[in-house]
Amino acid sequence: MFIGLSGMQYSGGSLGDHRIIVAEDSNVFTSMIGQKLKESFDIDIEICRTFEELQLAFDYGERPITLAISNINLPGAENGEALGYLAGLSIPIIVFTGTFHEKTREGMLARDIVDYVIKDSILAIDMLEESVCRFLTNHRHHVLIVDDSPTARALLRSRLERFNFKVSAAESGAEALSILKVTPDIGLVITDYNMPDMDGFELTRRLRSVRGSHELRIIGVSSSDNRLLSARFLKAGGNDFMLRPYVDEEFYCRVNQNLDTLDQIKSARRTVEQRAAAKVA
C-alpha cells in the first residue's frame, strides 16, 4: 500500500499503463523521480532533457501522454515555453521547479496546471510522488457540485476535472437529492449556501438524515463575509467550509483531506469487518 505524506492511501496496484513524461534536465532529479515512481506504482517514465526532445516525444509517441512533470525552464525553452507548449496540447502538467515567487505562481496557475512542487525540501520528491498518484487515481472519487449559479457550477466543474475527478452537478438542493438517490458512488458534495429552493444548511441536514460522514463528505461554500456561516454548516452536519474566491492550493487541499478521510474510514471499517469474519470462521 502506498501512503503519502499527507496520509492519502492507495492500494490499487500498478499504474504502469500510464504514459508519464518528465521534462527535466537534471540527471539527479530525473533519476530520483524515475526510481520513486517505478518502485511505488510500476511506472516507467520518459525523460526529455531539452525542449526539442519534449516536442519529439509528443510528435512520435505511440501512446497519448497521460501526464507531464515539467520544469519551468528547459534547454531550448529558457523562458517557460515548455509549459505553454504542453498546455496548448491540453496535456495535464505538474510543475517541478526550484524557482518560485508570486509572479511565477500566477503564471503557472494561468496555464491551468494540475499542481506544482518546489525543489526546496528533502521531501520534494515524496510530495511529487503523491501528487502524481492523486492525479492518476482521482477518477475513483465522484464529486457532486450544488449551486444555482451556472457560472459557479462551470468554474467548479472545470477546477475539479482539471484534477481528474469524476464530477456531477445540480442547480438546486432538490436536484442534488435526486442525483444522490441514484448515484451511490458520490463521496463528496460541495454545496453553495445561498440557493432559492433549499439553502445549503437544509440540504446538508437532509443529506445527513440518510448518509453519515463515513459515507459522504460535505463542504459548504459561500461568498458571504458572515463568519458564522461556517459554524452553522458544521452544526448542520457539514465537514468543512470555504469562502469564495478560492485560493487554488487551499481548495485542492480541502477536497483531498475530506476524500482522504473518507478512504481512511472505509479502510478501517473493512479491517474491522474482516477481523470479525475471521473470528466467526
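Where a number appears in this text, it was derived from the coordinates with a stated rule and is not lab data. Values in this document were obtained by computation on a predicted structure and should not be read as measured data. Cβ coordinates were reconstructed from backbone atoms using ideal geometry, including for glycine residues, and neighbour counts include every protein chain displayed.
If the only charges are +1 at each Lys and Arg Cβ and -1 at each Asp and Glu Cβ, what is the size of the charge dipole of the chain around the Cα centre, to the nearest 20 debye?
1440 debye
For Lys166, go through the aspartates and glutamates and keep the ones whose alpha-carbon is under 14 Å away, minus same-chain ones fewer than eight residues off.
Asp185
By how many nm would the segment from Ser224 to Asp42 lengthen if fully extended, with 0.36 nm per residue of separation less the alpha-carbon distance?
60.9 nm
Which order do Thr50, Thr151, Thr30, Thr204 fall in if you start with the one that has the fewest other Cβ atoms within 10 Å?
Thr151, Thr50, Thr30, Thr204
Taking the chain as the reference, fit the longest principal axis to its C-alpha atoms, fit the long axis of helix 248-280 to the helix C-alpha atoms, and give the angle between the two in degrees, 0 to 90, nearest 10.
Tilt of helix 248-280: around 70 degrees.
If you find the alpha carbon centre of the range 14-84 and of the range 229-281, how far apart are they in angstrom?
Here the two parts' Cα centres lie 33 Å apart.
Give the relative contact order (percent, whole number) for the range 2-137; include only Cα pairs under 8 Å separated by 6+ residues.
Relative contact order for the range 2-137 comes out at 23 percent.
Could you give the semi-axes, largest first, of the ellipsoid that matches the range 2-137, computed as the square roots of 5 times the alpha carbon gyration tensor eigenvalues and rounded to whole Å?
Working through the eigenvalues yields semi-axes of 22, 18, 14 Å.
About the Cα centre of the range 2-137, how large is the charge dipole given +1 on each Lys and Arg Cβ and -1 on each Asp and Glu Cβ? Please answer in debye to the nearest 20.
Dipole of the range 2-137, to the nearest 20 debye: 220 debye.
Over the range 141-269, what is the relative contact order in whole percent, taking alpha-carbon pairs under 8 Å and six or more residues apart?
The normalised contact order for the range 141-269 reaches 22 percent.
State the percent of C-alpha pairs, over all pairs in the chain, separated by a distance greater than 34 angstrom. Before the final figure, lay out each step's value.
Numbers: 11069 of 39340 pairs.
Every Cα pair in the chain considered, those over 34 Å come to 28 percent.
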